[in-house]
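Structure first, then comments.
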Amino acid sequence: MQAGWVGVASAAGVPAVGAAFGDGAGQHHAGAGDLRELGGDLAGLGLVAGGDTHCSRVAQVPHSGYSWLYTYGMGTGPPGTPASPPGCGDGGLITSWRPVSVSPQAAGFARTVVAQVAPGSRERAKNLLWAAGKLADFAIGLGLEAVPEVLLHPSVIERFAISAPGLSGPARRTLRTNLRFLARRVVPALAPADAPLPRERAKTPYSAAEIAGYLALADAQPTAARRMRAAGLVCLGAGAGLIRADLRGVRGRDIACRSGGVVVDVRGGRPRVVPVLARYHEPLLASAAFAGDKLVTGGTDPDRKNLATPLIRSLDGGTGLPRLDTSRLRAAWLADCAAQIGLATFMHAAGITCSQRLGDLLAALDPADEAAAVRLLGGRQ
């Protein structure tokens, strides 16, 4: 055996071949080195010595009474072979893909549809071939015709992603993503492109200086009623994060000194106790004392609409401030709370950029009691 080569002796002579090794992306290496195909189609061999990554190929060198099979990569090969074997690369991988783990009919379907897509890299081609092959193997077993219009239908892809046996959750999601990509390219009429929809972004929180300006504006109103209602609106929004129905229904008696801080008993559709941030304690308590059993922000009907508009319109001055928006007040409260509990530091340390998984985690956790919440979010500073 020559140095640097891998040889396999066979008792039977085999035809000379030059096919690439490799089952494809995502497959287990259980079939690596499987020589059951000797004497047949050697392109069905499994992964050998990383052949799926380096485009390894097979060459047969006759020897008296037996044959040697050599594997070689790009730029190397037995004497007389090209420096870079033909068929290595995207197109060569697709045409030579013969995995042992899916049926020949499923592999043929995969080669046909992936060739139409023309993947931009070898790795991408492997991923798409593996996805299409697994789909076809599953669907053919159900009696479906192996044509793109049938197998790449959204309903078939969805059934495969949900029902195919032996796949992990991440594998199912990855396969479905790759199959939807193939469907959009090969049979676009079955899966038209989604129309882009605008994404609703979080409101920009007010700065600390702007909040201070609103409180100063409230304190400068000509009547006590206007002063107390304006201060109550700002404090309930920026200090407790209340908006809409939660904000409209708060009465003076719902605000109390309790558990070491100031809390708001929120009633209505989402009843809860909200600790008030410490810097808003004094003005909010003054507004609550003024309102008593009445609504803090004025009026007599908790279901009234456009709460903020009449109240803001009645304010005198404040021409240098942006328009008062209760959603932005709540955004300021959210930002303050996030900073207080170190949320940004936690997400950075955890490598989390999307909050979706946080919601999944929170579903299994219980919130702290009122006293702990006040200590965390609203204790006196």
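What follows is calculated from the coordinates using simple rules that are stated; it is not laboratory data. None of the values given here were measured: they were computed from a predicted structure. Here the Cβ positions follow ideal geometry from the backbone for every residue, glycine too, while neighbour counts run over all protein chains shown.
The modelled label-to-label distance for the pair ARG172/ALA371, using points 7 Å beyond Cα in the direction of Cβ, is 4.5 nm. Take 283-294, 324-335 and order them by the average number of nearby Cβ atoms within 10 Å per residue, most first; the result is 324-335, 283-294.
For every other residue with a beta carbon closer than 13 angstrom to the beta carbon of SER327, add +1 if it is Lys or Arg and -1 if Asp or Glu, then tell me the sum. Surrounding charge for SER327 is +3. Distances over 23 Å make up what percent of all Cα-Cα pairs in the stretch 151-265? Summing the P(r) of the stretch 151-265 above 23 Å gives 60 percent of all pairs. Note on the stretch 253-302: Cα-Cα pairs beyond 17 Å make up 36% of the total pair count. In order along the stretch 172-177, the phi-based Karplus estimate (6.51 cos²θ - 1.76 cosθ + 1.60, θ = phi - 60°) of 3J(HN,Hα) comes to 4, 5, 5, 4, 4, 4 Hz; Gly and Pro are listed as x. Cα centroids of the stretch 114-145 and the stretch 221-246: how far apart, whole angstrom? If we compute the Cα centre of each part, the gap is 61 Å.
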